[in-house]
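Q: Got a structure for you, questions after.
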Amino acid sequence: MYGIETFVTYPGEAIYGFGERFGPLNKMGQIFTLWHADGMGNSSGRRYKNIPFFMSTRGYGVYINESKPITFWVRTHETCKIMMGIEGSSIDYFSFMVLH
């Protein structure tokens, strides 16, 4: 079983976060999995500082309250969506909205 959640994105929106990741700060167009494992240098996909939180320039953030590996597709399968998937039947997450 695999739990999937989807968030709509808009033109010009940027997505930041997810902890230690090498590459561009804006995560649009990237696929990656968050899971703590010994990094063994900076050339592997492993990271020491995965943080299951991302924020959007549209004023919202999402914290995923899970310890299992989480895969993110940030505008890769569909150009207007962020998708996240985790092994299991559900995903425990909190969303935050910035009020002006």
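Q: Viscosity 1.002 mPa s, temperature 20 °C: give me the Stokes-Einstein translational D for the range 57-100 in µm²/s, with Rh taken as the Kirkwood radius over C-alpha pairs.
A: Numbers: Rh = 12.0 Å.
D = 179 µm²/s.
Q: Treat the count of other C-beta atoms within 10 Å as a stand-in for reagent exposure and order 21, 58 from fewest to most. It would help to have the intermediate numbers written out before the result.
A: Working: 21 18, 58 14.
Starting with the residue having the fewest Cβ neighbours, the order is 58, 21.
Q: In addition: In what order do 90, 56 fall by count of nearby beta-carbon atoms within 10 Å, going from fewest to most? Please list the in-between numbers first.
A: Details: 90 11, 56 18.
Fewest-to-most Cβ neighbours within 10 Å comes out as 90, 56.
Q: Any chance you could tell me what percent of the C-alpha pair distances in the chain go past 18 Å?
A: Numbers: 2288 of 4950 pairs.
When all Cα pairs of the chain are counted, 46 percent exceed 18 Å.
Q: Can you sort 10, 63 so the residue with the fewest Cβ neighbours within 10 Å comes first? Please list the in-between numbers first.
A: Working: 10 9, 63 16.
If I rank by nearby Cβ atoms, fewest first, I get 10, 63.
Values in this text are rule-based calculations from the coordinates and carry no lab data. The model shown is predicted, which means the values in this text are computed figures rather than measured ones. So basically every Cβ, Gly included, is an ideal-geometry build from the backbone, and we count neighbours across all protein chains shown.
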